[in-house]
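Visitor: I have a structure I would like to understand better, so I am pasting it below and will then ask my questions one at a time.
The values are calculated or read from the model by the stated rules, or taken from the named source; none is laboratory data. Because the structure is predicted, anything quoted here is derived from the model rather than measured. Cβ atoms come from the backbone with ideal geometry, glycine included; neighbour counts cover every protein chain shown.
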Amino acid sequence: MNYFFFLDHPDNELRSSIDLFNKPPSKTWSKEKLYNVNVHVFYSDGIKWKFHYFKTIKKNDYLTINKDELPIDFQNKSVFISLNKDKITDSSKLINENYMNSIPAWRANIKLKSKSTACSYQGEIPSSLTEKNLSLVSCSPMVQLEKNINTYFYLVNLNSNPGKIKFKINVLNKNKEIIYTDNFYTNTINILNLKNIITNLNEKMYIFTSKDKGGVPIYFSKNDTNTSLSLEHTHPPTEYTIHGNRIFFQKEKKNFWLD
Amino acid sequence: MNNNSIKTTVFRNKYSLYLRNLFNIKPVDTYRPLYNEACVSDFFYWSSNKNFDTKFMLTNISSHILPKTPQNDNVIFIIYNESGNILKKFEIVLSPYETKEIVFSKLNIKGYGSFFVFHKFSKINNLSSHGSFVAERGYVGYKKNNGIWNFMHGNYNACYLNKKNKIKSIISKSFFTQFYCPQVTFNDTKNFKIIINNPTNSKIKINIECFDKLKKIVVSKSNYIKIFNTFIFEFNNKDVDFIIIKSKILFCRPLILKEYKTNFDIFHG
């Protein structure tokens, strides 16, 4: 199954929302027997998960949730979403159901919106990622830091262990020089404004790495008036090849940048 | 030859895959290129006019796949207009780890269409020993007036250049109509576009049905799209909640452009 999440932003004008579908995008590769799902929003308090049942989505139906519709104690938390057959009563673990098996991946529309525009991407966190010890190599050509524009780096981490563990991330230039280091946390929608970190706009690609943990790397840009927004994730390293032993090339790339 | 090798030979050769796809029997989304040193490219959308621009972030892809082997990357760019005619074809050499911006307004072309980006580098044979091919799934920025660049990555693996530099499609099609439902709602805008291009080797028919919240069809549009053509389905209806795309393409994922008051959102469905 897949988990989903709300993106948070320090600018109070920006609202976070998500479109959830209880059906796959294509039935060609998804033979799932659909059932009604209970939408749970949840966050980690550092020790346990805090779940809240939000609504039920009938099979073949869909639902849009704005983060500001959630209970007040969820508003300033990194909130994730799971779709479950039964209502969750055990807060000690994530329930990983055998559901949402699909090609292409079963996704949700993850969106940030201002008063006058919006930006989104089709995203998900596969449950397999919550069980693995990940690392991160994200090469992004999407940094925009011209006058009146800010780009933010999100790293969305969800781990089956509800603890909030600190880990180090680096920002490198193409010469493998570390230009910035910071600490992020597991089970958190981590966000970093790149304005005063990346100053050389002549370099078109920056590399975001972590030896310790991984997650979904997302790049969000906005102008000062929030009239123009951009949101996209970077491909995992496997996407630079097709067919065959793609994991070999992922390892090559990770070894090079994490060395 | 053991049983597994026989199975692989019989069920995974190009003729078997074609038949499997045609009749929806364990179909595959893309075929394998028939040339070991092939580079696969998406068929990326572009648009350039007085109020709109496109840029492609062209990077040395060898540095991403074989970073320990610094080498130049020879790139062939082929740009088509909406009617499938080549507007521009040019080559660029990238040094190791280099990234360049290709801004369409600076290429002196106007209109819209789609483009391929094929890479070639000398030590590409390291890939074929692992059964893999280079794939250009890169990042395209779109910009309206004085807005910021709105980025989107590639949509799907589409075509490759064969040994004779001919473009070959790897897109799978079926005999049966396929249904694709992007997992996104449309009730936050009344103006949106569904952009579909055709990187297959024959004309395709696309039918888009738009449903309201009661799951009733409120508008339906269809069109035939010729090889390497790009077609924009424009909608202006505040009652549309979700859409379904019908075609014979097994993986017919569209580009979606939603218009808002001051800017737009663009993403793959």
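Visitor: List pairs: first residue in segment A:153-172 and more than 11 Å from A:W49 (Cβ to Cβ), second residue among the charged types (D, E, K, R) and part of a strand (DSSP E or B) anywhere in the structure, Cβ distance under 6 angstrom, at least six positions apart or on different chains.
Guide: Final answer for the pair search is A:I169/A:D182.
Visitor: Still on this structure, please answer the following. Within segment B:218-269, which residues are facing chain A (nearest Cβ under 10 Å) and acidic (D, E)?
Guide: Residues satisfying the conditions are B:D241, B:E259, B:D265.
Visitor: If we keep just the residues of segment A:141-173 that are of a type in the set (D, E, K, R) and modelled with pLDDT under 95, which is surrounded by the fewest Cβ atoms within 10 Å (Cβ to Cβ)? Please lay out each step first, then the result.
Guide: Of all residues in segment A:141-173, those of a type in the set (D, E, K, R) come to A:146-147, A:164, A:166, A:168.
Filter once more, keeping what is modelled with pLDDT under 95: A:146-147.
Details: A:E146: 12, A:K147: 6.
Here the residue is A:K147.
Visitor: Another question, then. Just checking, does segment A:14-30 include any residue being exposed (fewer than 14 other Cβ atoms within 10 Å of the Cβ) and either under 18 Å from the mean Cα position of the chain (by Cα) or without any contact (Cβ under 8 Å) to a residue 12 or more places away in the chain (or both)? Give the derivation first.
Guide: At the first step, the residues of segment A:14-30 found to be exposed (fewer than 14 other Cβ atoms within 10 Å of the Cβ) are none.
No, segment A:14-30 has no match at all.
Visitor: Does any residue of segment B:175-192 turn out to be free of Cβ contacts under 8 Å to residues at least 24 places away in the same chain and among the acidic types (D, E)?
Guide: No - not one qualifying residue is present in segment B:175-192.
Visitor: Within the group A:N150, A:N187, which residue is more than 22 Å from B:I148 (Cβ to Cβ) and not hydrophobic (A, V, I, L, M, F, W, C)?
Guide: Working: A:N150 fails: more than 22 Å from B:I148 (Cβ to Cβ).
That would be A:N187, the only listed residue that is more than 22 Å from B:I148 (Cβ to Cβ) and not hydrophobic (A, V, I, L, M, F, W, C).
Visitor: Here are B:D73, B:D42: which of them is under 18 Å from B:I249 (Cα atoms) and more than 9 Å from chain A (Cβ to nearest Cβ)? Outline the logic, then answer.
Guide: Working: B:D73 fails: under 18 Å from B:I249 (Cα atoms).
Unique residue meeting the criteria: B:D42.
Visitor: Being at positive phi, of a type outside the set (D, E, K, R) and more than 7 Å from chain B (Cβ to nearest Cβ): is that true of A:G215 here?
Guide: Yes.
Visitor: While we're here: May I ask you to list the residues in segment A:125-147 that are more than 9 Å from every other protein chain (Cβ to nearest Cβ), part of a loop (DSSP other than H, G, I, E, B) and of a type outside the set (S, T, Y)? So that I can check it myself, show each step before the final result.
Guide: Pass one, segment A:125-147, residues more than 9 Å from every other protein chain (Cβ to nearest Cβ): A:125-138, A:143, A:145, A:147.
Subsequent filtering for residues that are part of a loop (DSSP other than H, G, I, E, B) retains A:132-135, A:143, A:145, A:147.
Result: A:K132, A:N133, A:L134, A:V143, A:L145, A:K147.
Visitor: I'd like the residue in segment B:97-153 that is in a helix (DSSP H, G or I) and closer than 30 Å to A:K251 by Cα and, out of all such residues, is farthest from the other protein chains (Cβ to nearest Cβ).
Guide: Here is the first cut: in segment B:97-153, the residues in a helix (DSSP H, G or I) are B:104-107, B:122-128.
Filter once more, so that each one left must be closer than 30 Å to A:K251 by Cα: B:122-128.
Values: B:S122: 17, B:K123: 12, B:I124: 11, B:N125: 13, B:N126: 9, B:L127: 7, B:S128: 8 Å.
For segment B:97-153, the residue satisfying everything is B:S122.
Visitor: Still on this structure: In segment B:180-209, what count of residues is obtained for those that are within 14 Å of chain A (Cβ to nearest Cβ), out of contact with any Pro (no Cβ under 9 Å at 6 or more places or on another chain) and either among the aliphatic types (A, V, I, L, M) or part of a strand (DSSP E or B) (or both)?
Guide: 3
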